[in-house]
1. What lysines does A:K53 reach when the alpha-carbon gap must be under 18 Å and sequence neighbours fewer than 8 apart in one chain are set aside?
2. Suppose R0 equals 51 Å. What FRET efficiency, 1/(1 + (r/R0)^6) with r the Cβ-Cβ distance, do A:D190 and A:K306 give to the nearest 0.05?
3. For A:A276, enumerate residues with amide H under 5 Å from its amide H, sequence gap 5+ or separate chain, H modeled in the peptide plane.
4. Quick one: 3J(HN,Hα) in Hz for segment B:242-254, Karplus 6.51/-1.76/1.60 with θ = phi - 60°, rounded, Gly and Pro as x.
5. If amide hydrogens are placed 1.01 Å from N in the peptide plane, which non-local residues have theirs closer than 5 Å to the one on A:K74?
6. Quick query: amide H of A:W46 versus all other amide H atoms, modeled in the peptide plane; which residues come in under 5 Å with a sequence gap of 5 or more or a different chain?
7. Taking R0 as 41 Å, what FRET efficiency do you get between A:T254 and A:T171 from their Cβ-Cβ distance, rounded to the nearest 0.05?
8. Hey, what angle do you get for helix A:3-23 against the long axis of chain A, alpha-carbon based, 0 to 90 degrees rounded to 10?
Amino acid sequence: MPKRTAKLVLATLVAATLPFTLAACSKGGTSSSSATSGGTQTLTMWTHNAGNKAELAAIQQIVTDYNASQTSYKVDVQAFPQDSYNQSVVAAAAAKKLPCILDTDGPNVSNWAWAGYLAPLDGMDDILSKFMPSVLGKWNGKTYSYGYYDVALNMMTRKSTLQKYGIRIPTIDSPWTSDEFTAALTKIRDSGAYQNPFDLQTSSTGEWWPYAYSPLLQSFGGDLINRTDYKSAQGTLNGPEALAWAKWFRGLVTNKLIPLKSSAAPDKDFLNGNTAIIYNGSWGAADATKQFGDDMLFLPPVDFGKGPKIGGGSWQWGVSAGCSNKQGALDYMKFAAADKYVAAVAVATNLIPATDAAAAMVPGFEAGGANDIFRQYAKKYAVLRPPTPGYTFIATEFTKTAQDILNGADPQQALDTAVKNIDANQASNNYFQ
Amino acid sequence: MSATATTNVSKKQRRPELRPGEAQPGLPRTVLGMILRIALCLVFGLPLVFMIVSSFKPDLQIFADLGTWKAFLPVGSMNLDNYLGVFDRVPFATFLMNSVLISVSTVALGLVVNSMAAFALSRITFRGHKVVLGVILATLIVPFETMALPLLWWVNTIPYFDGSQGWLDTYAVQIIPFAANAFSIYLFYQYFDSIPKELDEAARVDGAGWFRIYRSIIMPLAGPAIATVSILTFLPAWNSYLWPLMVVQTESLRPAMVGIDYFKQLNVSWGQIMAYASMITLPVLVMFIAFQRAFINSIASSGVKG
């Protein structure tokens, strides 16, 4: 290495390591879940919305209001990015460093409660009775979390598209039937006008697969597990109804009605006019309405025999089991459950407010408002993902199975394998008793 | 061999002079070679071009241009909105400085620790030093993901400088566990072994101790190994993602790579991801371009490929 270069590298090293010598020995913010200072107890709160400025601001405002409302406790917010939030929480749980208050994705609640991360929200039953059932995280008869909002899956398309092909516009009381839907997609496909007649967003990963596709299975009459005792998936995930779902699912690909793998951003394909109908969540409504205005339609999911179904449960708030000041944490949880805060977060996120009173305060979500349809879908069609600690395993297994089926695996064999694995996992954990 | 000498040799090797009567390489062969080189440049360069060009486009246009050459060209609506969005959403300067701090400190500390360990193994004969070297090399086959949880337990258990328990949520926890590195020790060991031991003996005759030999004889001759270890330590430290997620809770301590998750909400902001990725790639790219000759020479001299 030339001498000048070496000197430059050395100078850079020294310059960069100088601040380190000053900063390296100090710790970050509050690293314990609860700390006391001058008679005021500080409660640490973790949230997943570091990348969502509007939602974080709404949460921060609730915390500011709470801190100003009393002198016993001070809540301190630490925000994490959503995509890696669970990894941070699980690592903190392993290190016994969970905060007092934290948010969690709805389907994880029962697992986190069973694993000892979360404590029940004791004494909040009256307050929580006003919340939509789909935003409450329950396990073993106890409530562990509540959410400010829910989201609703729907079929997004354009009025002009359906009119062009003479396709009936379905309603919440009269959704498309399976045959009607297939006929509609076939017409669109045969026209050749769209790259994708329908897009299920198969390129999405993680929770999308069980969240989006298990309601389709449920509409056929199947399910991820038998919900009477949550012990086995035998008959529910590999019975005739589930098999019919699997064949239909694969048929979408073989009949060229959906792409085997969607693009990296299927929602953009819809907005660019490459996709006729997209299966999407209500979070995509604002962009779609901005692009197509009054031409946009947010239609109910298809009725495959047992009525339309959509997934329920989004991000929810809970108290950690290891919190050294549960009373303070519960005090905050009660304060933060006020309708005005539910409304404030819904305004910030443009998602479905979790209480009727809050919905009335949020423009668009009031009865008859432009977004009220999503609230109706959530109330009428939402099915919670199975509230069993084994759900995390079930979700992974279902995702793998659905991907195999979509790629051409023998449906019955794939479903039987999934059932075998799920049952073995439930049994090996003593059914999470 | 000094770096300058190595450079001169490399230049000669790249462009051999033709002897009288020797034929020029055939035109088709030259053209084929050029085509191959251009193809390689495109394979490695186009993703970077796509990233930078897309960082100036709105999300809808990025995906409308996909599948055509427009995806690599600055055409259509170009603006700085994505960059403004990045600064609005992420404390970019803090994250970038943290990454610089963590990466440079890891490199600096790693150079000292690993070279000293290698020096001891190469120069000081003690009972079982081959076993120690073997054990160090054996750790190379253990992936970091396997060690992550035990390491988390350790850093959460041992006392910190201020007497409190655990190192979580600090800069130190992102640096110190990665200072010692088996591959770096092996590289230094290999290089030190190629330096004649007569130099040590001459120094010892002049009254030098082990540390003086290490500092004044061995390290000044180990330029290529130092440069190689610096690069190989810097890149993983700069790209560090899983470990900071596990051990850092305070936003002001997070490195740049974790910041990319800020853009993956229910609606993914692809343009902002491209803008952010461009900004965090730029320092590494500039550094590589500035020092590319030194890097290539050091890698060639120390026998490391890839």
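1. Output for A:K53: B:K264.
2. 0.95
3. Long-range HN contacts for A:A276: A:N196, A:F198.
4. After applying 6.51 cos²θ - 1.76 cosθ + 1.60, I find 5, 4, x, 4, 7, 10, 10, 10, 7, 4, 6, 9, 6 Hz.
5. So A:K74 has HN proximity to A:Q41, A:T42, A:L43.
6. A:Q78, A:I101, A:L102, A:D103
7. The formula returns an efficiency of 0.85 here.
8. For A:3-23 against chain A, the angle is about 80 degrees.
The numbers here are math on the coordinates, done by the rules we state, and not lab data. Quick caveat: nothing in here was measured; it's all calculated off a predicted structure. FYI the Cβ positions are ideal-geometry reconstructions off the backbone, even for glycines, and counts take in every protein chain you see.
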